[in-house]
């Protein structure tokens, strides 16, 4: 038996082969806490090895899937850059281990998925969102590089032109638009989200599990190769942007509830 109680700010439930992992910091819209970040960098190895799990549903507690980063933590990493360096290995492991986990992962996007929250949702194998949800990667709006995986996955899902537009502007899009352009699989009314997600999860869990898992492994080979070729540079330039004047300006502006005045510094 694997002890999932060690994972901080993650709720774990198992039911007939379907595991639900819930990002659990609803008071902060599931913005990534240190424990949540650390947990998601490690849990996928346990899921991969857990014979009781055939399918995973990843979701968020409360109103959001995940708001991504939080301003307090951003300022802390500016004041002490070593804190940013410490999370880089975890950031790599989140992406690589999601891709290496052979169990299908369904994102149940119950609300906004932003920044790293969007990245984690989009690295799931199937993404199903409530129609009120919004999705986007506003790293640049915070004066940061989209280095935690967004630059890897967005072009694979919607092509380079659309990916560049959304990554360069940081604009959020509706779940309806995300489905239209192929960023996610399905969008449904909020009251239908659980039925859509768990009917599919149960269907996959009752299927030929080895065939499903091995198919995922094969399909993910190009994504794994791409991630290995890109993530070191992606995280390196994001680390550098953590020290930029524009990032400090973005954090200060957000704290003061005003628009940032970027200067290219």
Self-check item: 222 nm mean residue ellipticity, helices alone, for the chain (DSSP H n ≥ 4; -39,500 (n - 2.57); rounded to 500)
Solution: -15000 deg cm²/dmol
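Run the numbers for residue 11 and residue 80: contour at 0.36 nm per residue of separation, minus the present Cα-Cα distance, in nm.
21.8 nm
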Exercise. Quick one: among 102, 148, 171, which has the greatest mean-square fluctuation in a GNM of the chain with alpha-carbon springs under 10 angstrom?
Key: 171
Self-check item: Sites residue 226 and residue 256 - FRET efficiency at Förster radius 45 Å, r taken between beta-carbons, to 0.05
Solution: 0.70
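By DSSP, what percent of the beta bridges with both residues in the stretch 4-59 are antiparallel, rounded to the nearest 5?
Of those bridges, close to 55 percent are antiparallel.
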Quiz item: Using alpha carbons only, what's the Rg to Rh ratio of the stretch 1-78 with Rh from Kirkwood?
Solution: 1.02
Quiz item: Once both axes come from the Cα atoms, what is the angle between helix 193-205 and the longest principal axis of the chain, in degrees from 0 to 90, rounded to 10?
Solution: 50
Self-check item: Rounded to 10°, Cα long-axis angle of helix 160-169 versus longest principal axis of the chain
Solution: 50
Practice problem: Using only C-alpha atoms and all pairs of different ones, pull out the Kirkwood radius for the chain in Å with one decimal. | Solution: 18.6
Self-check item: Between the stretch 141-164 and the stretch 1-72, the Cα center-to-center distance that results, in Å
Solution: 23
Quiz item: Percent relative contact order of the chain, based on C-alpha pairs within less than 8 angstrom and at least six residues apart?
Solution: 19
Practice problem: Name the residue, out of 155, 26, 222, whose mean-square fluctuation peaks in a Gaussian network model built on the chain with Cα pairs under 10 Å. | Solution: 222
Quiz item: What is the spread of the Cα atoms of the stretch 194-236 along each of their three principal axes, largest first, in whole Å?
Solution: 40, 25, 9
Quiz item: Against the longest principal axis of the chain, how steep is helix 81-100, in degrees 0 to 90 to the nearest 10, with axes from Cα atoms?
Solution: 30
Quiz item: If one puts a single equal scatterer on every Cα of the stretch 136-233 and applies the Debye formula without solvent, what log₁₀ I(q)/I(0) results at q = 0.21, 0.22, 0.24 Å⁻¹?
Solution: -1.14, -1.16, -1.18
Quiz item: Among rounded, prolate and oblate, which fits the stretch 136-187 when a ≥ b ≥ c are the square roots of the eigenvalues of its C-alpha gyration tensor, a/c under 1.5 means rounded, and a/b larger than b/c means prolate?
Solution: prolate
Exercise. For a footprinting-style exposure proxy, rank 176, 197, 218 by other Cβ within 10 Å, fewest first.
Key: 218, 176, 197
Self-check item: Percent antiparallel among DSSP beta bridges (both partners in the chain, rounded to 5)
Solution: 30
Quiz item: If you take the beta carbon distance between residue 263 and residue 164 as r and set R0 to 25 Å, what does 1/(1 + (r/R0)^6) give as a FRET efficiency, to the nearest 0.05?
Solution: 0.65
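No lab work stands behind these numbers, since they all come straight from the coordinates. Computed from a prediction, not measured in an experiment: that's the story for all the values here. Note that we place each Cβ from the backbone using ideal geometry, even for glycine, and neighbour counts take in every protein chain shown.
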